[in-house]
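The values are calculated or read from the model by the stated rules, or taken from the named source; none is laboratory data. Values in this document were obtained by computation on a predicted structure and should not be read as measured data. All Cβ positions, even for glycine, are placed from backbone atoms using ideal geometry, and neighbour counts span all protein chains on display. Calculation scope for accessible area: heavy atoms of the full protein, side chains included, ligands and nucleic acids excluded. Shrake-Rupley method; radii C 1.70, N 1.55, O 1.52, S 1.80 Å.
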Amino acid sequence: MKGGPVLPERKSFTSHDVKADTGTISAMFSVYSMIDSDGDVILPGAIEDGITVPLSAYNHTSWGAALPVGKGVIRTSSSGATVEATFFKSQAAQDTLEVIRELGPLQQWSFGFNVLDYSHGEFRGTAVRFLKSLDVFEVSPVLRGANSAAHTVEAASIRAIRDRVVRDELTRIQASLVLRDIAAQDWEVA
């Protein structure tokens with residue numbers, strides 16, 4: 001259906017990837033073809049790829065008095081939509097980034113949108129609203145999301161990546177030393 005007054009709405013999910021030292025984040029904020037807690041099913045293609053949106057302060061508070069904490073580009077796939085965002089250098093933005101980093105997989109996501117096209121129907125035996133076209137105007141970290149199926153894409157800081165590389169290198173060195181010892185002692189390896 002189209003027409004009628006356009007009222008902004010929100011949807012929430014859990015998923016993010018924090019690149020802490022660069023102040024960037026990748027967060028899956030929408031999962032397609034699943035019933036969310038609002039009784040909606042967002043269909044593939046409902047969200048436009050490549051648009052730039054503000055990253056709202058925590059719990060959509062940029063809808064009120066809080067300033068946005070960043071901006072990002074929406075990327076879509078057949079399974080959902082992700083925002084690739086950069087946090088601003090403001091104290092509020094850095095505080096938000098720190099909370100997201102510390103919450104890790106507990107962090108959830110939401111987005112503000114206007115419904116452009118929808119229909120009502122049944123999905124897996126449940127009456128739902130099918131969201132066919134949405135005008136997404138912001139993405140926000142939240143305490144509780146509408147769809148628990150969204151997931152963390154990756155959550156790694158430069159420090160965590162460095163630590164993993166060092167661990168992998170130590171494992172490689174240890175394996176090399178064991179193989180050298182085996183060769184030196186002429187052991188048979190099964």
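Pairs are defined by a Cβ separation below 9 Å, a sequence spacing of at least 6 or placement on different chains, a first member in region 85-113 that is under 18 Å from residue 66 (Cα atoms), and a second member that is open to solvent by 50 Å² or more (accessible area, probe 1.4 Å) and in a helix (DSSP H, G or I); the pairs so defined are 87/94; 88/94; 110/59; 112/63. Kindly indicate whether residue 6 is modelled with pLDDT under 85, out of contact with any Pro (no Cβ under 9 Å at 6 or more places or on another chain), among the β-branched types (Val, Ile, Thr) and closer than 17 Å to residue 103 by Cβ. When the stated conditions are applied, residue 6 does not pass them. With respect to (1) touching a Leu at 6+ places or on another chain (Cβ under 7 Å); (2) under 21 Å from residue 54 (Cα atoms); (3) of a type in the set (Ser, Thr, Tyr), the lone exception for residue 96 is condition (1). Test residue 84 against the stated conditions and say whether it is surrounded by fewer than 17 Cβ atoms within 10 Å (Cβ to Cβ) and within 14 Å of residue 140 (Cα to Cα). When the stated conditions are applied, residue 84 passes them.
Report, by residue number, each residue of region 87-119 that is part of a strand (DSSP E or B) and either open to solvent by 50 Å² or more (accessible area, probe 1.4 Å) or among the acidic types (Asp, Glu) (or both). Talk me through it step by step, then tell me what you get.
Kept after step one, since they are part of a strand (DSSP E or B), are these residues of region 87-119: 87, 108-119.
Listed by number, the residues that qualify are 116, 117, 118.
Considering 35, 47, 74, the condition of being closer than 23 Å to residue 101 by Cα and among the aliphatic types (A, V, I, L, M) is satisfied by 74 alone. Could you list, ordered by first residue, the pairs with Cβ atoms under 6 Å in which the first is in region 138-153 and at pLDDT 75 or above and the second is surrounded by fewer than 17 Cβ atoms within 10 Å (Cβ to Cβ), at least 6 apart or interchain? So the pair list comes out as 146/37; 146/38.
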